[in-house]
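A.B. asks: Here you go, one structure.
The values are calculated or read from the model by the stated rules, or taken from the named source; none is laboratory data. Source: prediction; values computed, not measured. Note: ideal-geometry Cβ built from the backbone for every residue, glycine included; neighbour counts use all protein chains shown. Please note that ligands, DNA and RNA were not included when accessible areas were found on the heavy atoms of the full protein model with its side chains. Shrake-Rupley method; radii C 1.70, N 1.55, O 1.52, S 1.80 Å.
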Amino acid sequence: MAHREEKLRPLLKHNGPARRLRLAYVKAARDLARRGAKKTKLNLALQGGGALGAFTWGVLDRLSYERLIDVRAFSGASAGALNAAVFLSGLKNGGRGGARNALRRFWTEVANAASFANFLFPPMLLPGQLALIEDAFNASSRYGLSPMKINPLKDILARHVDLDALRAEDAPRLYIAATNVLTGRARIFTNDDLSVDALLASACIPNLHPTVMIDAAPYWDGGFSANPPIMPLMENDAERILLVRLMRSGTGKAPRTTNEIDDYIKNHLFTRPLDDELERVALLPRASRTPIDEIDASDADSSVSFTSQPTPRLVNDLFEKGAAAAEQYFAGLIRAHQEEHERQAGAAE
């Protein structure tokens with residue numbers, strides 16, 4: 001009974017109409033599970049987006065409660081790749097609860113590290129001093145020479161990613177994108193050749209992190225070339241693909257200030273690869289196309305940028321919004337299950 005209460009607590013933490021809707025949802029899901037309703041085979045495509053990856057954490061946390069979802073494969077770039085690797089490591093070692101705990105520990109450590117980093121460049125520095133520090137930081141790291149020549153994310157990933165678990169034969173398939181700097185093309189790492197370095201490469205922002213060398217080739221963030229990969233998921237057995245989108249191309253108004261222009265250029269660099277891949281998917285014969293659903297972070301909050309610092313407050317806020325968006329999506333799937341189950345039952349009679 002305690003285990004059941006632990007599972008339901010996140011769903012029933014609010015009172016009023018929202019709580020009644022959640023109760024109805026949980027009841028419908030349980031009824032379908034008891035009647036042996038067929039699970040939906042789902043592939044997940046997780047877009048990268050810096051701190052916005054905490055939104056995806058909320059989606060995956062909510063997914064972990066779904067008994068009628070059978071996840072077959074994940075694709076990801078940057079923060080999407082890290083979310084997928086940590087989630088599956090926890091899932092393989094501790095089941096659904098293990099997956100939730102693994103992501104929570106990972107994002108808590110990332111947020112705490114970001115908060116600590118703020119103390120390294122305190123706001124009381126004079127603007128001129130801060131500019132000098134930032135220029136030195138950017139000039140050295142732009143060429144793969146981080147001022148500290150290390151990536152603090154490496155130790156965090158080593159603590160939270162179990163490569164042996166990800167390489168197990170029964171593990172869901174992984175397709176992790178990193179960008180080969182020499183060719184400008186994506187390299188897709190799968191379960192068998194995945195490593196901590198491959199994950200670091202997938203999340204390597206060149207003016208923040210040292211360039212990652214793999215097989216004598218330099219790699220940067222996978223968001224430059226496949227954010228996230230979609231085509232591999234089309235070849236993997238599933239009924240639907242769920243794309244967790246963190247950023248969109250374009251803007252509501254033309255950027256005017258230097259910061260707005262800089263943000264626009266960065267956003268365009270990281271969103272164009274997904275737009276291009278979705279256009280290629282649209283050209284596939286309809287019979288060979290897996291339907292793609294979307295959960296879009298901009299529907300929940302358009303004020304946060306992927307360049308935002310992943311502070312504890314921001315990370316927790318994005319988590320809550322991701323979980324709420326996922327709940328709405330999965331409620332729709334449950335309704336579709338109910339309608340299909342009732343249709344089949346009627347046909348049998």
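A.B. asks: Using 0.36 nm per residue of separation minus the Cα-Cα distance, give me the extension gain between Thr108 and Asp193 in nm, one decimal. List each step's numbers first, then the result.
C.D. replies: On the way: separation 85, 0.36 × 85 = 30.60 nm, distance 2.76 nm.
Here the answer is 27.8 nm.
A.B. asks: Could I ask something else about it? Got a number for carbon plus sulfur as a percent of the range 71-114's accessible area, 1.4 Å probe? Don't skip to the answer; put the middle values down first.
C.D. replies: Working: 580 of 1240 Å².
The value for the range 71-114 is 47 percent carbon and sulfur by accessible area.
A.B. asks: Next question, about the same structure. What shape does the range 185-238 take by its C-alpha gyration tensor, where a ≥ b ≥ c are the square roots of the eigenvalues and a/c under 1.5 counts as rounded, a/b above b/c as prolate, and the rest as oblate? Don't skip to the end; give the middle numbers.
C.D. replies: Values: a/c = 2.53, a/b = 1.69, b/c = 1.50.
Note, shape of the range 185-238 comes out prolate.
A.B. asks: Could you pull out which residues in the range 211-249 have an amide N less than 14 Å from a spot 7 Å beyond the Cα of Tyr264, following the Cα-Cβ vector?
C.D. replies: Counting backbone N atoms under 14 Å from the label point, the list is 249.
A.B. asks: Here's a follow-up. Given a Förster radius of 22 Å and the C-beta distance between Arg335 and Lys38 as r, what FRET efficiency does 1/(1 + (r/R0)^6) yield to the nearest 0.05? Intermediate results must be reported in sequence, preceding the final value.
C.D. replies: Details: r = 15 Å, r/R0 = 0.68.
For R0 = 22 Å, the calculated efficiency reads 0.90.
A.B. asks: I've got another one for you. Using the Karplus curve 6.51 cos²θ - 1.76 cosθ + 1.60 with θ = phi - 60°, work out ³J(HN,Hα) for each residue of the range 252-257 in order, rounded to whole Hz, and write x for Gly and Pro.
C.D. replies: My calculation for the range 252-257 gives x, 8, 5, x, 10, 7 Hz in order.
A.B. asks: While we're here: Between Asp70 and Asp299, what FRET efficiency follows from the Cβ-Cβ distance if R0 is 25 Å, with the result rounded to 0.05? If you can, show how the numbers build up before the last one.
C.D. replies: Details: r = 26 Å, r/R0 = 1.04.
The pair Asp70/Asp299 has a calculated efficiency of 0.45.
A.B. asks: Ignoring any ligand, DNA or RNA, what whole percent of the accessible area of the range 231-327 comes from carbon and sulfur when the probe is 1.4 angstrom? Present the calculation step by step, with values, prior to reporting the outcome.
C.D. replies: On the way: 2740 of 5440 Å².
Its accessible area is 50 percent carbon and sulfur atoms.
A.B. asks: Further, regarding this structure: I need the calculated FRET efficiency for the pair Ser249 and Arg343, taking r as the beta carbon distance and R₀ as 35 Å, to the nearest 0.05.
C.D. replies: On the way: r = 39 Å, r/R0 = 1.10.
Here the calculated transfer efficiency is 0.35.
A.B. asks: Using the basic label-point model (7 angstrom from Cα toward the beta carbon), what is the Glu279 to Arg96 distance in nanometres?
C.D. replies: Result for the modelled spin labels: 4.1 nm.
A.B. asks: Skip the ligands, DNA and RNA, and give the accessible area per residue of the range 221-338 with a 1.4 Å probe, whole Å².
C.D. replies: Details: 6070 Å² over 118 residues.
Averaged over the residues of the range 221-338, the accessible area is 51 Å².
A.B. asks: Want the number for Arg159 to Ala217: 0.36 nm per residue separation, take away the alpha-carbon distance, what's left? Before the final figure, lay out each step's value.
C.D. replies: Numbers: separation 58, 0.36 × 58 = 20.88 nm, distance 2.56 nm.
That pair, Arg159 and Ala217, stretches by 18.3 nm at full extension.
A.B. asks: Applying the Karplus parametrisation 6.51 cos²θ - 1.76 cosθ + 1.60 with θ = phi - 60° to the phi angles of the range 199-206, what ³J(HN,Hα) value in whole Hz is obtained for each residue in order, glycine and proline being reported as x?
C.D. replies: Values, residue by residue: 5, 4, 4, 4, 10, 8, 7, x Hz.
A.B. asks: Further question: Taking amide H positions as placed 1.01 Å from N in the peptide plane, with prolines and chain starts having none, which residues 5 or more places from Asp70, or on another chain, fall under 5 Å of its amide H?
C.D. replies: Thr40, Lys41, Leu42
A.B. asks: Viscosity 0.890 mPa s, temperature 25 °C: Stokes-Einstein D of the range 142-252 from its Kirkwood Cα radius, in µm² per second? Each step should come with its number before you reach the end.
C.D. replies: On the way: Rh = 15.2 Å.
The estimated diffusion coefficient comes to 161 µm²/s.
A.B. asks: Same structure, new question: Please work out whether the range 215-280 counts as rounded, prolate or oblate from its C-alpha gyration tensor, where a ≥ b ≥ c are the square roots of the eigenvalues and a/c under 1.5 means rounded, while otherwise a/b larger than b/c means prolate and anything else oblate? Walk me through the numbers before you get to the answer.
C.D. replies: Working: a/c = 3.34, a/b = 1.52, b/c = 2.21.
Note, shape of the range 215-280 comes out oblate.
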